[in-house]
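The block underneath contains the structure these notes are about, expressed in structure tokens.
Quick note: the coordinates plus some simple rules give every number you see, no bench work behind them. Just so you know, these numbers come straight off a predicted model, no measurement behind them. As a convention, Cβ positions derive from the backbone with ideal geometry for all residues, glycine included, and neighbour counts pool all protein chains shown.
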């Protein structure tokens, strides 16, 4: 197929922070410089904030080898934001989930949020940065078409459960499907498990991602809580597979087709 | 039809990615439109193992006879350093209803081991993405390894 018949698209896939970032620009043009800026930024964030790297600033801060006064403005910005989010979520979101300094639950969403601003600064009007399933969407999938985001079925991530539609939107899903019970409920110290997944939408991924984590921990109280926040919507999938949404959740209409089984017939013919 | 071809590209590229080949989606495939309506036996959704609605599948076939409703698209064979890869998809009323790898590296145990997981994954992804017409996927954070078999990976390859 001739490339000229396709809508313009620049896609770059980058492995970083133990996951994969998809940079997807839907405007015509050469965006290699903008993509390089985003990639450089993501690796910079990883180097500063990785708790897996003993030499990262955040690891040294956690071991109290560095006074807070010596860290850069980025680290202070992240820690301040984590404090605000801890207040906003009644401690459900915390930068010390296991008693150790670990703002990872905030850093990825924040990094994508900031990276999306780099794209905007470079002139991108329609694009997306998706990091491991959490994304900041800019404009639409095309100038005249909103983004359509499939929410993966937590019990079968190859399947789409619900389609979200919107422009200039952030979407984050917190759950256990890929990494097991990795989200700690600070009130019990155990793994949060009332939900299979919680999806939150809103304007900026930095907050949306943290709210999704908090919503997952809150379980059946998640929708009531998100409902009190202006500009944010949520959808939860309960342990029994039941889907619940806030009234304003941007579900695409019509509803997606129900899952169906397809015969798989690999083989030479 | 364009979306179907895009998804075919995605299908082939997804397979190529899954089998760890390094190539480009746009140069790898020159889709050829094949015969219509004749491969319904392999294209029909399985009814025996289905756990949910067959209503959606019957509605898609409602308006089609053997003519314009169902098409089979076959990608050209792609030579990779592991061997040739070729994918065929069946499109019913604009939606992918089946994807089959009709030629793929199968010469040794390692190939077969990869194929046994990669090809069913590819098929379900192509079908799922083709039907939902989505641009991105949100879900619990995947690992670098998990990404390779993810629906998002198929969408990223569709450009």
note = Quick calc: nm separation of the 7 Å Cα→Cβ label points for residue A:118 and residue A:247 -> 4.1 nm
ask   = Suppose R0 equals 25 Å; then what is the FRET efficiency for residue A:70 and residue A:43 from their Cβ-Cβ distance, rounded to the nearest 0.05?
value = 0.65
remark   = Here the Cα Rg-to-2.2 N^0.38 Å ratio for chain A is 1.04
remark   = Checking A:202, A:99, A:127 against a Gaussian network model of chain A (alpha-carbon springs below 10 Å), the top fluctuating residue turns out to be A:99
key: Separation in nanometres of the label points that stand 7 Å from Cα toward Cβ, at residue A:238 and residue A:167   = 3.7 nm
remark   = Cα-only Rg/Rh for the range A:1-123 with Kirkwood Rh rounds to 1.07
Estimated 222 nm signal from helices in chain A, with DSSP H stretches of n ≥ 4 weighted -39500 (n - 2.57), rounded to 500 = -9000 deg cm²/dmol
request  = Could you calculate the contour length gain from residue A:145 to residue A:224, that is, 0.36 nm times the residue separation minus the distance between their Cα atoms, to one decimal place in nm?
outcome  = 25.3 nm
task = Please report the orientation-averaged projected area of the range A:132-179, defined via the convex hull of its C-alpha atoms, in nm².
result = 3.4 nm²
query = Other chains' Cβ within 10 Å of A:14-20 residues: what's the mean?
reply = 4
ask   = Given the C-alpha centroids of the range A:224-251 and the range A:85-155, what is the distance between them in whole angstrom?
value = 17 Å
task = Please report the relative contact order for chain A, taking Cα pairs under 8 Å with a sequence separation of at least 6, and give it as a percent rounded to a whole number.
result = 14 percent
remark   = Quick shape check on the range A:45-176: root eigenvalues a ≥ b ≥ c of the Cα gyration tensor, a/c under 1.5 is rounded, otherwise prolate if a/b tops b/c, else oblate, and it reads prolate
